[in-house]
Amino acid sequence: MPLTGGNVCFVPQSGSYYRYLKPTDPGAGNPLTWTHSSYDEALLLITLYCRLALAVTGTNRYFRMRAFSSSGRTVWMHKCALAQLDMENRRYLWDRHNENKNTFRGSFLISGPVPYLWLLPGSSITLDVENQGGTDSLYQCLLQVKSYRVKT
Amino acid sequence: MPGNNAFVPVNLGFIAPVEIAAPGAQTEWSYLLPDEFIYRLTMAYFFYECDGNAANRWLRLRFCDDAARVRGVFTDNKQLVAGNTRHYTFGIGMTLIDSGGHRCIPLSDTWLPGGWTIGSETEDMEVGDTYTLIALTFQRFREQN
């Protein structure tokens, strides 16, 4: 019986493997968007790392991660809880099982939670900043995923 | 029927987010699981927005059997009040978080047969309160005696 609602089921094949994906830096003042365009694999998000450099202080920014399905609907969203920013540069890490943390190691590394987030072909992830200054920059984004071959 | 017979769950794979249309103001949402399979819920995500009416809302994730009998409820332990908005993620392995407009809540192992329904149950839902951005993910299994 087919599933209702246009949902896709896939069978994780043996031989799944971990790998890293590197979205292109978007340039100052722009959000970072990555689209899963490989048609024959499903990806389970393990971690997402990114750096955010602020050009000016004094404005409260909120760093936001969103996941979209292939139909363009938001299926998960998280704003960094400690991201009311007036700092100059922070490292961010969304990680499974972690609660929000704030560790000072030269610059901040903030961990957020990640649920079982499945990315099928056509789905996408966007990182953006509310109240983004014109010269604020997102860079060095890295996604660690576990890759499964799709078999519908 | 789970609960009556021992069975070997055969993993048929994961289901990418089940997207549920926003139900409109002061309306609960629900999702009927398709027949023939058994489902392990791994994540439920939604956004809840309170209107300006003073009331203490309590949000719950509820599942019912095919006769509409309540079989289980996950209850948030913090109320929402007028003007609050929260992104809710119930997830296996998550830790309890309440910050930055988020509520992350641990989800215990939840097996749901086809024909059962999962949805919201909101105490003191006000006239302008809304659920939006609703998504669920499952693993799907077949029963093998």
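Overview of values
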read-out	value
The lone exception for B:L136 - which of (1) open to solvent by 10 Å² or more (accessible area, probe 1.4 Å); (2) within 21 Å of A:I46 (Cα to Cα); (3) of a type outside the set (D, E) it fails	(1)
Of all residues in the stretch B:58-81 being out of contact with any Ser or Thr (no Cβ under 6 Å at 6 or more places or on another chain) and closer than 11 Å to B:D124 by Cα, the one that is nearest to the other protein chains (Cβ to nearest Cβ)	B:L80
Leading residue by the ranking (nearest to the other protein chains (Cβ to nearest Cβ)) among those in the stretch A:12-44 that are open to solvent by 50 Å² or more (accessible area, probe 1.4 Å) and modelled with pLDDT under 65	A:S14
Close pairs (6 angstrom Cβ cut-off, 6 or more residues apart or separate chains): away from chain B (no Cβ under 12 Å) and farther than 16 Å from B:L136 by Cα in the stretch A:54-81, open to solvent by 40 Å² or more (accessible area, probe 1.4 Å) and modelled with pLDDT of 80 or more anywhere	none
Residue check for B:A67: part of a strand (DSSP E or B) and among the small types (G, A, S)	no
Test result for B:T122, more than 14 Å from chain A (Cβ to nearest Cβ) and surrounded by 18 or more Cβ atoms within 10 Å (Cβ to Cβ)	yes
Criterion violated by B:M94 - all others in (1) within 13 Å of another protein chain (Cβ to nearest Cβ); (2) assigned to a strand (DSSP E or B) satisfied	(2)
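This table checks each residue for (1) at the interface with chain B (Cβ under 10 Å from one of its Cβ atoms); (2) at pLDDT below 90; (3) out of contact with any helix residue (DSSP H, G or I) (no Cβ under 9 Å at 6 or more places or on another chain).
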position	(1), (2), (3)
A:Y116	yes, yes, yes
A:L120	yes, yes, yes
A:V129	no, yes, yes
A:C141	no, no, yes
A:R149	no, yes, yes
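The values are calculated or read from the model by the stated rules, or taken from the named source; none is laboratory data. Just so you know, these numbers come straight off a predicted model, no measurement behind them. Here the Cβ is made from the backbone with ideal geometry for all residues, glycine too, and neighbour counts use every protein chain on show. What goes into the accessible areas is simple: the full protein's heavy atoms, side chains included, and nothing from ligands, DNA or RNA. Shrake-Rupley method; radii C 1.70, N 1.55, O 1.52, S 1.80 Å.
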